[in-house]
Amino acid sequence: RPSSARAALPLVGSALSSPAFRTVRGRLLFWIIAVTVPIYAAAMYMSYRSAAERLEEGAERDADELAARLAAELDAVIRPIEGGIRTVAAQLEEIDPPREQYEPRIRGILAAWPDVYGSTIAVETDSAHVSSGPFAPYLFRRNGGVAFSDLALDSYSYDTLPWYRRAADGLQPVWSLPYFDAGGGDIWMVTYSVPFFRRIAGNPRALAGVVTADLALNWVDAAAEKAALGPIG
């Protein structure tokens, strides 16, 4: 390394004043050492830098391949869920079932897609179509079974939460950011929300509610843990 050459400067000074430097043999030996040590140090430093750059390039390449592989594996699970929730929303628009049929449809979502942690059909509260107030039965997986939670409670206020508002205001399907669902599933999750519509008072696309599918973040962690790392870890 260059620092080795700097550390050798005091030795150079002492060597010049020594009796051995007065002989031809001593002078030749001194100049050979003085020339070769910096060259050797520089060669070692360049070799170190080259090896480090190759390791960094390999690690970056492995990370890119791992991210692409993991994204493809997650996408293979997520895309069918997205398509299924959009299909449920379309069926709600076409059939307009009574509210007592919402819960069986939600159970159908959980049965069809085992990776879905929970689901609800939440009706729009700011609409002439709504005559009996908020309604949002939520079914989710717990202890090997399916549990129920009522999201229509005033303490939860589903129609103010981002997973509902972003789909309701944007009038299109949307994934939420990660959040802790306090009062609902009580875990960290992400939610895919799809709005559905009714023909109300001459409006062919009046918002009627939002259908959701939740993915627990521990499911994402489990999927990531299965990914194989590259040869350098």
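The values are calculated or read from the model by the stated rules, or taken from the named source; none is laboratory data. What you see is a predicted model, and the numbers here were worked out from it, not measured in a lab. As a convention, Cβ positions derive from the backbone with ideal geometry for all residues, glycine included, and neighbour counts pool all protein chains shown. Note: accessible area is taken over every heavy atom of the protein model, side chains too, but ligands, DNA and RNA are not part of it. Shrake-Rupley method; radii C 1.70, N 1.55, O 1.52, S 1.80 Å.
Computed quantities for the displayed model
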{"read-out": "Filtered residues of the stretch 168-188 (kept if over 20 Å from Leu153 (Cα atoms) and aliphatic (A, V, I, L, M))", "value": "Leu171, Val174, Leu177"}
{"read-out": "Tally of residues being exposed (fewer than 12 other Cβ atoms within 10 Å of the Cβ), of a type outside the set (Gly, Ala, Ser) and under 13 Å from the mean Cα position of the chain (by Cα) across the stretch 70-84", "value": "1"}
{"read-out": "Unmet criterion (only one of (1) open to solvent by 80 Å² or more (accessible area, probe 1.4 Å); (2) within 26 Å of the chain's Cα centre (by Cα); (3) within 21 Å of Phe197 (Cβ to Cβ)) for Thr120", "value": "(1)"}
{"read-out": "Residue tally, condition more than 19 Å from Leu215 (Cβ to Cβ) and not in a helix (DSSP H, G or I), over the stretch 149-171", "value": "8"}
{"read-out": "So Arg141, is it of a type in the set (D, E, K, R) and assigned to a strand (DSSP E or B)", "value": "yes"}
{"read-out": "Number of the condition not met by Ile109 [criteria: (1) buried (at least 19 other Cβ atoms within 10 Å of the Cβ); (2) in contact with a Phe, Trp or Tyr (Cβ under 9 Å, 6 or more places away or on another chain); (3) assigned to a helix (DSSP H, G or I); (4) not basic (Lys, Arg)]", "value": "(2)"}
{"read-out": "Leading residue by the ranking (modelled with the lowest pLDDT) among those in the stretch 68-123 that are in contact with a strand residue (DSSP E or B) (Cβ under 8 Å, 6 or more places away or on another chain) and among the acidic types (Asp, Glu)", "value": "Asp96"}
{"read-out": "Tally, over the stretch 87-111, of residues that are touching a residue at least 40 places away in the same chain (Cβ under 8 Å) and over 27 Å from Gly145 (Cβ atoms)", "value": "3"}
{"read-out": "Scope the stretch 138-183; condition closer than 24 Å to Pro114 by Cα, surrounded by 19 or more Cβ atoms within 10 Å (Cβ to Cβ) and more than 25 Å from the chain's Cα centre (by Cα); matching residues", "value": "Ser149, Leu151"}
{"read-out": "Residue in the stretch 165-180 that is among the acidic types (Asp, Glu) and touching a strand residue (DSSP E or B) at 6+ places or on another chain (Cβ under 6 Å) present", "value": "no"}
{"read-out": "Every residue from the stretch 189-207 that is surrounded by fewer than 23 Cβ atoms within 10 Å (Cβ to Cβ), part of a strand (DSSP E or B) and over 21 Å from the mean Cα position of the chain (by Cα)", "value": "Phe197, Arg198, Arg199, Ile200, Asn203, Pro204, Arg205, Ala206, Leu207"}
{"read-out": "Residues of the stretch 172-188 classified as outside any loop (DSSP other than H, G, I, E, B) and farther than 17 Å from Val210 by Cα, total", "value": "3"}
